[in-house]
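Have a look at the structure below, then the notes.
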Amino acid sequence: MAHGIENGQRRYGNFINGVWRDAVQGEVLTLKNPSDGSDLALIARGTAADIDLAVDAARAALSGLWGKMTATERGRILHKISEAVLREIDLLTVLEARDVGKPLTQARADVVALARYLEFYGASADKVHGNTLPYQNGFTVLSVYEPHGVTGHIIPWNYPMQILGRSLGAALAMGNAAVVKPAEEACLTILEFARIAHEAGLPTGALNVVTGLGAEAGAALSSHPQINHISFTGSLRTGEAVQAAAAKNAVPVTLELGGKSPQIVFADADIERALPFLVNAGIQNAGQTCSASSRILVQREVYEQVIAAMSERYHALKVGAAEADLSLGPVVSTRQKAIIEDYLKLAKQDGLLVAAQGEIVPDAPKNGAYVRPTLLRDVPPQHRLAQEEIFGPVQVIMPFDTEEEAVALANSTPYGLVCGVWTKDGARQLRMAHAVHAGQVFINNYGAGGGIELPFGGVKRSGHGREKGFEALYGFASLKTISVYHG
Ligand code: NAD
């Protein structure tokens, strides 16, 4: 049985060419609920053979109904899918909460964001146009945007719906046909989305989903010779492997990787306004956010004041089951919990000071992957905890004296994804915005998550290419120049 209830447990197949199919090799993987360690569902363990089928289905869609649609028709379908997603918000919310461990409020916000991406890209589909270019007499030269063809989308587990929305929405708007490989830790909402999109009228083969392990299905997708573009969101190490595999086929790649994003607080800042952003941007989704603000840099005059105020907020943080809808749920898996706890052990071993921690509530289920949110103070800038992406609810805070020092600290990691700057000094706001290495800079605010309209992506080891916003549409298109000689 490819899809349905088996022995009381939900089983999902791969979604290929509009139908559910067992993995070609017949194997399955068990998804766990990180809130209590129970089995959540069975998914197909797709391999290269399943990726082949999905790529063939996508290729056929390009020469079939999907490929023949106008941009306006594609946009209308995206709008219909957006509305259908909102109709199924309750189901998607609960599934994302159980699968990823997100508190229900956050999971619900992710469904709304998915619908909004589809609305935004649905409305954008027929707004992308080329140019006529001045050239020699007797010629008319045009530039036109065409879809790449078959796009591969490799998605991580931390925001399955949001990351699907931003990359698939733009790809479909431009007329590509997609093969999606979600993460093996959390993929149920992406599988349900495939059904919802199909029921809402997305032509067969325009979206195919193959689940499975990164080293199997993911590697097969990134090295597939018939893929024309890869959008990868995930870790630096895997991103390097994906780019190397795609390079063998000369396929363009967008890499959305990790971060160690700072928020920089100057002494003249509105600290009351900054506070919720300083804490929430670090602990949201239990810190498993690429744009998490895991470093807080504070001018020495207000350093102790900010630590005291952040600590107060930390003491109020409650961690428990996703469906209890507290400040934090569990992290995605016991494996991820072990990684974070190793960092906390290292911090202890090296004598780093804990400024404050939140609490795991007493009735949190026994086998859940819970981690106490932790604020570490006076962390030396070159320490591993100040340099590496922990991907858990751990923030480091450190002081600086001058603007130059703040810039040097902000730029001192291998990453460059997001930066927040808190100051009332207008000239300094702009100097800082230019000086920091980041794909997005927020002045007196912080939050890439909600900014569907805002282009997003990294510099340095945070990756390259931009998703989100109108800009993303160009990334999912290939520019063709047409030169006509007419005398
Ligand atoms: P990961 O790199 O382990 O996995 C991401 C995806 O890649 C999964 O679908 C996985 O199955 C697949 N994969 C694994 N090995 C592969 C291989 N050899 N070939 C092809 N695909 C393979 O990352 P993760 O742990 O799932 O996600 C966390 C990371 O993602 C963090 O570093 C985080 O910062 C990053 N992230 C970045 C953004 C962004 O927009 N910049 C957003 C979310 C997460």
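The values are calculated or read from the model by the stated rules, or taken from the named source; none is laboratory data. What you are looking at is a predicted structure, and each value in this text was computed from that prediction instead of being measured. Please note: Cβ atoms are built from the backbone with ideal geometry, for glycine as well, and neighbour counts cover all protein chains shown. These area figures cover heavy atoms from the full protein model, side chains too; ligands, DNA and RNA do not enter into them. Shrake-Rupley method; radii C 1.70, N 1.55, O 1.52, S 1.80 Å.
General observations
- Single residue of the range 191-212 satisfying the filter (in contact with a Pro (Cβ under 8 Å, 6 or more places away or on another chain) and of a type in the set (A, V, I, L, M, F, W, C)) that is nearest to the ligand (Cβ to nearest atom): VAL209
- Residue in the range 31-49 that is farther than 26 Å from VAL111 by Cβ and free of Cβ contacts under 8 Å to residues at least 60 places away in the same chain present: yes
- Filtering ILE397, ILE452 for residues that are farther than 18 Å from LEU328 by Cα and touching a strand residue (DSSP E or B) at 6+ places or on another chain (Cβ under 6 Å) leaves a single hit, ILE397.
- ALA215 meets the conditions (1) within 30 Å of ILE81 (Cβ to Cβ); (2) within 16 Å of the ligand (Cβ to nearest atom); (3) surrounded by fewer than 24 Cβ atoms within 10 Å (Cβ to Cβ) in every case but one. The failed one is (1).
- Inter-residue pairs, beta-carbon under 6 Å, first among the hydroxyl-bearing types (Ser, Thr, Tyr) and in the range 99-112, second modelled with pLDDT of 95 or more, 6+ apart: THR105/ASP325
- Total residues in the range 222-253 satisfying the condition of being of a type in the set (A, V, I, L, M), crowded, with 18+ Cβ neighbours inside 10 Å and either more than 8 Å from the ligand (Cβ to nearest atom) or under 16 Å from GLY475 (Cα atoms) (or both): the figure is 5.
- Matching residues, the range 146-174, being in contact with a helix residue (DSSP H, G or I) (Cβ under 7 Å, 6 or more places away or on another chain), open to solvent by 10 Å² or more (accessible area, probe 1.4 Å) and outside any loop (DSSP other than H, G, I, E, B): ILE154, GLN162, ARG166
- Look at (1) more than 16 Å from the ligand (Cβ to nearest atom); (2) open to solvent by less than 20 Å² (accessible area, probe 1.4 Å); (3) of a type outside the set (Ser, Thr, Tyr); (4) not in a helix (DSSP H, G or I) and you find that ALA292 fails only one, number (1).
- Qualifying residue in the range 348-359 (condition: in a helix (DSSP H, G or I) and modelled with pLDDT of 95 or more): yes
- With respect to the conditions (1) touching a Leu at 6+ places or on another chain (Cβ under 7 Å); (2) assigned to a helix (DSSP H, G or I); (3) not aromatic (Phe, Trp, Tyr), ASP52 lacks only one, and its number is (1).
- Selection status of LEU104, open to solvent by 10 Å² or more (accessible area, probe 1.4 Å) and aliphatic (A, V, I, L, M): yes
- You will find that of ALA286, ALA281, ALA274, the residue that is assigned to a helix (DSSP H, G or I), more than 12 Å from the ligand (Cβ to nearest atom), at pLDDT 95 or above and touching a Leu at 6+ places or on another chain (Cβ under 6 Å) is ALA286 and no other.
- GLU192 surrounded by fewer than 21 Cβ atoms within 10 Å (Cβ to Cβ), charged (D, E, K, R) and part of a strand (DSSP E or B): no
- Residue check for LEU188: over 24 Å from ARG237 (Cβ atoms) and either within 14 Å of the ligand (Cβ to nearest atom) or not assigned by TED's automatic domain parsing to the domain that holds SER291 (or both): yes
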